[in-house]
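Engineer: Here it is, the structure, as structure tokens.
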């Protein structure tokens, strides 16, 4: 069974990479609740985006990066074949990002932790990240997988659903 230390988890230990457990057991269930601290997400600093193409549509308020896209901020890296950044124009004519959608070969790397999925949506208004399709999380010797991960950055809580598997720790 899980001890209390499994319930209070640290976000950058999985970041978008979102789950941090240590131990030595395996679990399967339809829905697994997680509680992760989000204080280590990088909230400032330079954001660098690299891609094969960039298409900006001012009418729809989108910027579409395509072809081997990588977006970095500090120690955090988001990679995908396509990332669509949606934005709105504020009253003072500044732009605010409202949503980030990453599709095809999505991976999120923070330090040595890796999260992968088919699709990731980050809603900046609600501060909720949703990963779907073949979700896998690697953090040290712990691994998680499922079909969908929903994570609230405000509360630090989330859940993995769809045939969930957790492998905690190692045989050592």
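Engineer: For the range 91-110, give me each residue that is surrounded by 15 or more Cβ atoms within 10 Å (Cβ to Cβ) and modelled with pLDDT under 85.
Structural biologist: 110
Engineer: Assuming residue 127 fulfils every condition listed in (1) within 13 Å of the chain's Cα centre (by Cα); (2) on the phi < 0 side of the Ramachandran plot apart from one, which condition is it?
Structural biologist: In the conditions (1) within 13 Å of the chain's Cα centre (by Cα); (2) on the phi < 0 side of the Ramachandran plot, residue 127 misses (2) alone.
Engineer: Is there a residue in the range 54-70 that is within 13 Å of the chain's Cα centre (by Cα), over 21 Å from residue 152 (Cα atoms) and touching a residue at least 24 places away in the same chain (Cβ under 8 Å)? Can you show your working first?
Structural biologist: Of all residues in the range 54-70, those within 13 Å of the chain's Cα centre (by Cα) come to none.
Within the range 54-70, not a single residue is within 13 Å of the chain's Cα centre (by Cα), over 21 Å from residue 152 (Cα atoms) and touching a residue at least 24 places away in the same chain (Cβ under 8 Å).
Engineer: State all residues of the range 72-85 that are surrounded by 18 or more Cβ atoms within 10 Å (Cβ to Cβ), over 21 Å from residue 58 (Cα atoms) and at pLDDT 90 or above; if no residue qualifies, say none.
Structural biologist: Across the range 72-85, the qualifying residues are 78, 79, 80.
Engineer: Could you list, in sequence order, the residues of the range 124-151 that are at pLDDT 90 or above and within 15 Å of residue 164 (Cβ to Cβ)?
Structural biologist: Residues satisfying the conditions are 131, 132, 133, 134, 135, 136, 145, 146, 147, 148, 149, 150.
Engineer: Of these, 25, 88, 58, 38, which one is buried (at least 16 other Cβ atoms within 10 Å of the Cβ), farther than 19 Å from residue 119 by Cβ and modelled with pLDDT under 90? Please lay out each step first, then the result.
Structural biologist: Details: 25 fails: buried (at least 16 other Cβ atoms within 10 Å of the Cβ); 88 fails: buried (at least 16 other Cβ atoms within 10 Å of the Cβ); 58 fails: buried (at least 16 other Cβ atoms within 10 Å of the Cβ).
Just one listed residue meets the conditions, 38.
Engineer: Tell me, yes or no, whether the range 157-164 has at least one residue that is in contact with a helix residue (DSSP H, G or I) (Cβ under 8 Å, 6 or more places away or on another chain), over 25 Å from residue 82 (Cβ atoms) and in contact (Cβ under 8 Å) with a residue 12 or more places away in the chain. Walk me through it before giving the result.
Structural biologist: Initially, the range 157-164 is screened for residues in contact with a helix residue (DSSP H, G or I) (Cβ under 8 Å, 6 or more places away or on another chain), giving none.
Scanning the range 157-164 turns up no residue that is in contact with a helix residue (DSSP H, G or I) (Cβ under 8 Å, 6 or more places away or on another chain), over 25 Å from residue 82 (Cβ atoms) and in contact (Cβ under 8 Å) with a residue 12 or more places away in the chain.
Engineer: Only residues that are at negative phi and surrounded by fewer than 16 Cβ atoms within 10 Å (Cβ to Cβ): list them for the range 131-151, please.
Structural biologist: 141
The values are calculated or read from the model by the stated rules, or taken from the named source; none is laboratory data. Predicted model, so just to flag it, every value in this text is computed and none were measured. Methodologically, a virtual Cβ is constructed for each residue, glycine included, from the backbone with ideal geometry; neighbour enumeration extends over all protein chains shown.
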